[in-house]
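Chemist: Would you mind keeping the following structure in view while I ask a few things?
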Ligand code: SF4
């Protein structure tokens, strides 16, 4: 049963109708996060404890590594192993020992749980503790769940970072204030943000997760953190438990979002408006100019978001405010009101939000609205394309560098391309 519920006034986003649905969902599971996490933490290994289905997902989504040894694998647990949990634990320990003998470069090992019933019965947190005792100081073993039962695919990153947060070295109460940027960012984007924040005069800055498990940032009561991704609820809570405090900000998508995100950090650290303006002006102007040609293509076009990546609300804000798109419906798997407060305030009045999914009903709404572009998961994209609707795969928005000024035009282009492809297909169909 679905209901339209106005968001409470104290959320700062009154008047936006939210359709809450709890039906069948079409989303990837949290294992998908391994694809970008293993690229980021370059001495970590992700061992999925799962079924053959999990192995297929990881193998096909992450591809085969030709030039380097892979840093992910699946330990397949099948029905046979249900006979004895003790045997399954021993088998897991044997697999880990073999792996670490063969791969002395691994410094951090994540046991990643999955949803098959035979895996759920295994206590991976105890396995991680047991194996950490055996392999420290060379290797730390942690665990998190990438299960697809209750999650959407970006929650894999949240679960991974939330597992890592309690392991971060403690900063002292007298340590100077520092900024922690939280969320996996491509190295090139991280470097751009480091340059901008450094140019403003921000003295102490770290990124989480870091590129090496041996360079974990310190965290403590003088740590202020800025979320780079809107899906890091558990991670934020875990950092707050360590004493760190979140800086409220919109997310760094597009010129406006990036400026407000950087400004929130600058204000927190007492950086002057002049220093902020000087550090950001050139990049802001470049990005604004680069967006212009995409605005000509996207202005007035209607877009419909199915819930998938949890980036939907910040992206909808960017597309509507900076590129003039019309938002037909903005679906999100979960609506984190607190983290999205500024984003919601920036959506046009009356924007239809939906939280959760009842896929058949949502497809009916989408067809009735006939948007120019639909953002959705892979499973829905092909059927919608076959019906003549242009689609954008939500997962591509997480894999691509899309944060910050230098990527603002690339992000817009990701929405232009499917429209151009659809126009071309329509022209060819008319001509033939
Ligand atoms: S974790 Fe669950 S949803 Fe994900 S691939 Fe494995 S079986 Fe499928």
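Chemist: Checking residue 111 against (1) more than 12 Å from the ligand (Cβ to nearest atom); (2) part of a helix (DSSP H, G or I): exactly one of these is not met. Which one?
Modeler: Going through (1) more than 12 Å from the ligand (Cβ to nearest atom); (2) part of a helix (DSSP H, G or I) one by one, residue 111 breaks only (2).
Chemist: To continue, here is another question. Looking at the structure I just gave you, is residue 221 in a loop (DSSP other than H, G, I, E, B) and over 19 Å from the mean Cα position of the chain (by Cα)? It would help to see each step written out before you state the result.
Modeler: Numbers: in a loop (DSSP other than H, G, I, E, B): yes; over 19 Å from the mean Cα position of the chain (by Cα): yes.
Spelling it out, residue 221 is indeed in a loop (DSSP other than H, G, I, E, B) and over 19 Å from the mean Cα position of the chain (by Cα).
Chemist: Within segment 41-51, how many residues are touching a strand residue (DSSP E or B) at 6+ places or on another chain (Cβ under 9 Å) and over 13 Å from residue 115 (Cβ atoms)?
Modeler: Result for segment 41-51: 6.
Chemist: Shifting gears a bit: Would you check if there is a residue in segment 187-201 being part of a helix (DSSP H, G or I), within 19 Å of residue 339 (Cβ to Cβ) and at pLDDT 95 or above? Before the answer, list the steps.
Modeler: Filtering segment 187-201 down to residues part of a helix (DSSP H, G or I) leaves 187-200.
Now drop any that are not within 19 Å of residue 339 (Cβ to Cβ), which leaves 193.
Still in the running and at pLDDT 95 or above: 193.
Yes, segment 187-201 has at least one match.
Per-residue answers, yes or no, for (1) crowded, with 22+ Cβ neighbours inside 10 Å; (2) farther than 27 Å from residue 306 by Cα; (3) more than 16 Å from the ligand (Cβ to nearest atom):
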position: 120; (1), (2), (3): no, yes, no
position: 128; (1), (2), (3): no, yes, yes
position: 135; (1), (2), (3): no, yes, yes
position: 154; (1), (2), (3): yes, no, no
position: 174; (1), (2), (3): no, yes, yes
position: 203; (1), (2), (3): no, yes, yes
position: 216; (1), (2), (3): no, yes, yes
position: 226; (1), (2), (3): yes, no, yes
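Chemist: Now for a different question. State which residue is farthest from residue 333 (Cα to Cα) when the search covers only segment 137-150 and only residues that are more than 9 Å from the ligand (Cβ to nearest atom) and touching a strand residue (DSSP E or B) at 6+ places or on another chain (Cβ under 9 Å).
Modeler: First, the residues of segment 137-150 that are more than 9 Å from the ligand (Cβ to nearest atom): 137-144, 150.
Adding the requirement that they be touching a strand residue (DSSP E or B) at 6+ places or on another chain (Cβ under 9 Å) leaves 139-144.
Values: 139: 35, 140: 32, 141: 30, 142: 27, 143: 24, 144: 20 Å.
Among those residues, the one meeting the criterion is 139.
Chemist: Still on this structure, please answer the following. Might you check whether a residue that is over 21 Å from the mean Cα position of the chain (by Cα) and more than 18 Å from residue 412 (Cβ to Cβ) occurs anywhere in segment 326-333?
Modeler: Just the residues of segment 326-333 that are over 21 Å from the mean Cα position of the chain (by Cα), to begin with: 326-328.
From what is left, the residues that are more than 18 Å from residue 412 (Cβ to Cβ) are 328.
The answer is yes, given that some residue of segment 326-333 is over 21 Å from the mean Cα position of the chain (by Cα) and more than 18 Å from residue 412 (Cβ to Cβ).
Chemist: Based on what the data block shows, is residue 416 closer than 17 Å to residue 292 by Cβ and either at pLDDT 95 or above or loosely packed, with under 14 Cβ neighbours inside 10 Å (or both)? Don't jump to the end; show me each part of the working.
Modeler: Working: closer than 17 Å to residue 292 by Cβ: yes; either at pLDDT 95 or above or loosely packed, with under 14 Cβ neighbours inside 10 Å (or both): yes.
For residue 416, the condition - closer than 17 Å to residue 292 by Cβ and either at pLDDT 95 or above or loosely packed, with under 14 Cβ neighbours inside 10 Å (or both) - is met.
Chemist: I would also like to ask the following. I'd like the full set of residues that are touching a strand residue (DSSP E or B) at 6+ places or on another chain (Cβ under 7 Å) and either at pLDDT below 95 or closer than 23 Å to residue 261 by Cα (or both), limited to segment 390-411. Working first, answer last.
Modeler: First, pick out the residues of segment 390-411 that are touching a strand residue (DSSP E or B) at 6+ places or on another chain (Cβ under 7 Å): 390-392, 394.
Hit for segment 390-411 is 394, nothing else.
Chemist: Kindly establish whether residue 159 is modelled with pLDDT of 95 or more, part of a helix (DSSP H, G or I) and away from the ligand (no atom under 16 Å from the Cβ).
Modeler: Working: modelled with pLDDT of 95 or more: yes; part of a helix (DSSP H, G or I): yes; away from the ligand (no atom under 16 Å from the Cβ): no.
It is false that residue 159 is modelled with pLDDT of 95 or more, part of a helix (DSSP H, G or I) and away from the ligand (no atom under 16 Å from the Cβ).
The values are calculated or read from the model by the stated rules, or taken from the named source; none is laboratory data. All of these numbers come straight from a predicted model, not from anything done at the bench. In this analysis, Cβ positions are derived from the backbone assuming ideal geometry, glycine residues included, and neighbour counts consider all displayed protein chains.
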